[in-house]
Amino acid sequence: MDSILIRGGKPLSGTIAISGAKNAVLTLMPCALLTDRPLTLENLPRLADVDGFMHLLNQHGASTTLEGAGNGGFGRSMSIRAGRIASTTAPYDFVRKMRASILVLGPLLARAGEATVSMPGGCAIGNRPIDLHLKAMEALGAEIELAQGYVTARAPDGGLVGGDISFAQVSVGATENAVMAAVLARGETRIENAAREPEIADLCNCLVAMGAEIEGIGTDNLTICGQDRLGGATYRVMPDRIEAGSYACAAAITGGELQLEGARASDMPSILAGLREVGLAIEETDGGIHVASDGPLRPVTLSTAPFPGFPTDMQAQFMAMLTRAEGTSLLTETIFENRYMHVPELARMGADIEVRGRTAVVKGVDHLVGAQVMATDLRASMSLVLAGLAADGETQVLRVYHLDRGYERLEEKLGAAGADIERVSEG
Ligand code: EPZ
């Protein structure tokens with residue numbers, strides 16, 4: 001298992017190219033199952049989860065072709081063609097490794113009339129149920145059966161029928177499955193209380209390029225007029241707002257400055273507002289966003305919330321940054337029940353954090369001390385890297401396969417901006 005070695009204390013400076021968004025790609029790739037024509041996705045990040053999803057699509061019968069290494073190895077493109085569906089089952093072995101596999105449910109049901117997906121089970125940050133996904137499929141006429149840890153959804157003989165879906169709770173994945181099922185359902189589908197994350201708009205825009213009819217894109221009320229079939233398209237994946245926010249925290253915690261090339265400020269209003277409140281100088285530029293330290297970090301009080309609120313995927317990274325603020329910050333995690341796995345590891349580096357129920361009380365300390373720490377989940381592992389960049393001495397982050405799921409070439413990008421960082425391959 002690889003690890004990342006960091007010798008901290010160096011202010012970052014320079015440009016970091018922001019890659020295509022992991023959480024957009026993972027809902028764009030299954031769109032290819034909705035048509036027998038090729039879907040080409042550009043600006044594809046080089047991530048373990050993208051490779052995993054590619055293999056999942058292959059076992060459903062889709063062919064996938066990776067093209068071009070893009071500029072300096074960034075910005076690949078992938079053509080996916082599901083001429084026919086060879087299997088409507090997403091096996092446990094795929095789903096247990098990557099929860100996003102559940103996003104084949106809607107497309108398979110819409111295209112092939114049936115889908116059997118392993119129940120995802122829990123993960124490090126929570127038990128991650130899929131009840132909202134299943135209720136949405138039922139609203140489109142599907143019958144649901146649970147057996148041996150798998151859920152099977154079957155469409156009526158004539159295929160899915162448009163209907164009204166009203167989510168009791170905002171869910172990114174359930175909204176994505178509902179949209180991908182509705183675009184081929186007969187008639188009109190209205191979705192209320194839809195998630196508004198920018199990745200949902202990216203999904204809708206890609207489906208429209210494939211011939212779908214969707215109104216209300218970017219809002220929490222979507223109206224979809226189902227089509228008999230969709231065509232192919234070529235679509236460019238949006239930039240990763242969480243990667244951009246994570247590197248902004250790196251500039252903050254090291255007292256440096258970074259040009260986040262390709263970042264889109266309109267995708268990250270609450271992240272930028274939080275960074276400004278902490279004291280960073282934020283400037284939107286032609287090609288992206290420039291972030292720079294501008295004096296000591298100030299404490300803040302933040303709660304995670306669905307978009308346009310402060311994203312749960314930035315909570316761990318902000319916590320790492322706030323361990324160096326001058327004062328006490330309060331971070332409240334409202335989305336997942338167990339997203340504080342990074343706290344004990346940060347504490348081993350000298351951070352002063354107390355978790356009281358859903359709220360973490362983060363008291364700023366004068367300095368952090370490098371240590372050997374363990375990554376537990378994707379964003380927690382990034383928070384440990386951030387702390388290592390600021391810590392005195394050497395930090396070794398173990399189990400970096402968590403990082404490889406969501407951060408493309410992290411050590412290359414940070415190294416090019418002045419960090420003393422290297423990947424150590426263990427055996
Ligand atoms: C997506 O997960 C993201 N993953 C997550 O990013 C992100 O943290 C999350 O949205 C929230 O923004 C991808 O896009 C691949 P949800 P998802 O359904 O869709 C509960 C990362 O680090 N819920 O919006 O699984 C659920 O338990 C990852 O990049 C139900 O109760 O999140 C959670 O408490 C981590 N029933 C809340 O809703 C359901 O059927 C929000 O989950 C579905 C969800």
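Worth a mention:
- Residue among ALA416, ALA375, ALA371, ALA380 that alone is away from the ligand (no atom under 16 Å from the Cβ), surrounded by 16 or more Cβ atoms within 10 Å (Cβ to Cβ) and of a type in the set (A, V, I, L, M, F, W, C): ALA371
- Hey, ALA252 touching a residue at least 60 places away in the same chain (Cβ under 8 Å), open to solvent by less than 20 Å² (accessible area, probe 1.4 Å) and closer than 20 Å to MET137 by Cα or not: no
- Scope the range 136-149; condition away from the ligand (no atom under 15 Å from the Cβ) and either in contact with a Cys (Cβ under 9 Å, 6 or more places away or on another chain) or open to solvent by 60 Å² or more (accessible area, probe 1.4 Å) (or both); matching residues: GLU143, GLU145, GLN148
- Sole exception among (1) surrounded by fewer than 24 Cβ atoms within 10 Å (Cβ to Cβ); (2) within 12 Å of the ligand (Cβ to nearest atom); (3) not aliphatic (A, V, I, L, M) for HIS133, by number: (1)
- Residues in the range 21-58 that are part of a loop (DSSP other than H, G, I, E, B) and open to solvent by 20 Å² or more (accessible area, probe 1.4 Å): ASP36, ARG37, PRO38, ARG46.
- Top-ranked residue in the range 104-129 [being open to solvent by less than 10 Å² (accessible area, probe 1.4 Å) and in a helix (DSSP H, G or I); ranked as farthest from the ligand (Cβ to nearest atom)]: LEU108
- Checklist (1) under 21 Å from PRO239 (Cα atoms); (2) surrounded by 23 or more Cβ atoms within 10 Å (Cβ to Cβ); (3) of a type in the set (Ser, Thr, Tyr) applied to THR312, failing item: (2)
- Filter pass, PRO91 being within 20 Å of LEU34 (Cα to Cα) and modelled with pLDDT under 95: yes
The values are calculated or read from the model by the stated rules, or taken from the named source; none is laboratory data. Bear in mind that the values here come from a model prediction, so they are computed numbers and not experimental data. Every residue, glycine as well, gets a Cβ built from its backbone with ideal geometry; the counts of neighbours run over all protein chains shown. These area figures cover heavy atoms from the full protein model, side chains too; ligands, DNA and RNA do not enter into them. Shrake-Rupley method; radii C 1.70, N 1.55, O 1.52, S 1.80 Å.
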